[in-house]
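Scroll down for the structure; my scribbles are underneath it.
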Amino acid sequence: MGLNLKRLGNIMLIEVCGEFDLSAADYCRQEIDQKIRAEGIKDILFDLEKVAFIDSSGLGVILGRYRKAKENGGRMAISNANPRITKILELSGITRLIPVYPTTSQALRFLGRGVG
Amino acid sequence: MRLRNRMKLELLSLPGNVRLARIAVAAFASEVDYNVSDLEEIKVAVSEAVSNAITHGYQQKKDGVISLTATLFTDALEIVVQDHGKGIDDLEQAFEPNSSSDPERMGLGFVFMRSFMDKVDVVSEPGQGTTVKLRKKLPDKVQAET
């Protein structure tokens, strides 16, 4: 499992790579929260393009970050989920809370940052 | 309903073993012609059952033992995940979505298992442990051949 955290203006872009399950959840949670605190960022974009597998433990990390962002007045979006991951997101009900976009540029536009 | 094949694993309650469990069961299940979508669903269901055993059954303790048995019958795949941990006080509540009080968890483990498998049976005794039995029908053409 890999995790890339990039600051794009006022947005934290979170790229999760590989299998997003119980073994990855604690590490992701700690790294993301630490980076967000250190950078003082409110808005979050989860790019799931490189996620090969997700279960409720991975979804819990996304939901937990959404709740924290909301508490801080921030917003969250998800982008680039493949059809299998999208099916899980829909079944979980997370898509009713967090907008899901097919591309990162569309998600960034939603979060108020255009491309380029 | 005749027996075709059986696999049995014993795993410590380590988070890294969730992946091992689902990959082992998916490899075992690929002996019959489940499609990719079916195999993905089986992987999610196994992942949820084993994750529950680790987080709820053994409360993240790393020395619990989880038994995983996968059996191919002529009409179905049956997966049994058993722990000897804390057990579940209220099974009815555990089956409800968002049943978890932890804001980092969605309480979706049993929802996913029920969505992706044809049958889910749970037997749990507080203080004794939990046994989850998951069943998924074999693809029609495989059943017809056997």
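Just the protein heavy atoms count here, and of the accessible area of chain B at 1.4 Å, carbon and sulfur take up 47 percent. Ellipsoid fit via the Cα gyration tensor, the protein assembly as shown: semi-axes of 35, 21, 15 Å, each the root of five times an eigenvalue, largest first. Quick one: Cα centre-to-centre distance for the stretch B:107-122 and the stretch A:9-84, in angstrom? Rounded to whole Å, the Cα centres lie 25 Å apart.
To the nearest 500 deg cm²/dmol, what mean residue ellipticity at 222 nm is calculated for chain A from DSSP H runs of n ≥ 4 alone, each contributing -39,500 (n - 2.57), summed and divided by the residues? Show your work: numbers first, answer last.
Working: 4 runs with 51 residues, N = 116.
Mean residue ellipticity at 222 nm (helix-derived): -14000 deg cm²/dmol.
Counted over the stretch B:3-145 with a bin width of 10 Å, the fraction of Cα pairs per bin, in whole percents, is 12, 44, 33, 10, 1. At a threshold of 40 Å², the residues of the stretch A:36-62 that become less accessible to a 1.4 Å probe in the full protein assembly than in their chain on its own are A:F53, A:D55, A:S56. With respect to chain B, whose longest principal axis is taken over its alpha-carbon atoms, helix B:16-29 is tilted by about 20°.
Could you work out how much longer the chain between B:L9 and B:D63 gets when fully extended? Use 0.36 nm per residue separation minus the Cα distance between them, nm to one decimal.
On the way: separation 54, 0.36 × 54 = 19.44 nm, distance 1.54 nm.
Result for the pair: 17.9 nm of gain on full extension.
In a DSSP loop and with at most 16 other Cβ atoms within 10 Å, the GluC sites (Glu not before Pro) in the stretch B:1-79 are B:E31. Only beta bridges with both residues in the protein assembly as shown are counted; by DSSP, about 75 percent of them are antiparallel.
Looking at the protein assembly as shown, the accessible area is 47 square angstrom per residue; that uses a 1.4 Å probe and ignores ligands, DNA and RNA. Heavy-atom accessible area buried between chains B and A is around 2000 Å² (1.4 Å probe, both sides summed).
Near A:A81, the amide H atoms lying under 5 Å from its own belong to A:L48; only residues 5 or more places off or on other chains count, and H is placed 1.01 Å from N.
Taking a threshold of 22 Å on the Cα-Cα distance, which of the pairs B:K86/B:K119; B:K8/B:K137; B:K8/B:K141; A:K87/B:K119; A:K50/B:K43; B:K86/B:K133 fall above it? Write out the running numbers ahead of the final one.
Values: B:K86/B:K119 24 Å; B:K8/B:K137 20 Å; B:K8/B:K141 26 Å; A:K87/B:K119 20 Å; A:K50/B:K43 18 Å; B:K86/B:K133 18 Å.
Result: B:K86/B:K119; B:K8/B:K141 exceed 22 Å.
The values are calculated or read from the model by the stated rules, or taken from the named source; none is laboratory data. Predicted model only: the values in this text are computed from it and were never measured. Here Cβ is always computed from backbone atoms with ideal geometry, including for glycine, and neighbour counts include all displayed protein chains. Surface areas here come from the heavy atoms of the whole protein model, side chains and all, with no ligands, DNA or RNA. Shrake-Rupley method; radii C 1.70, N 1.55, O 1.52, S 1.80 Å.
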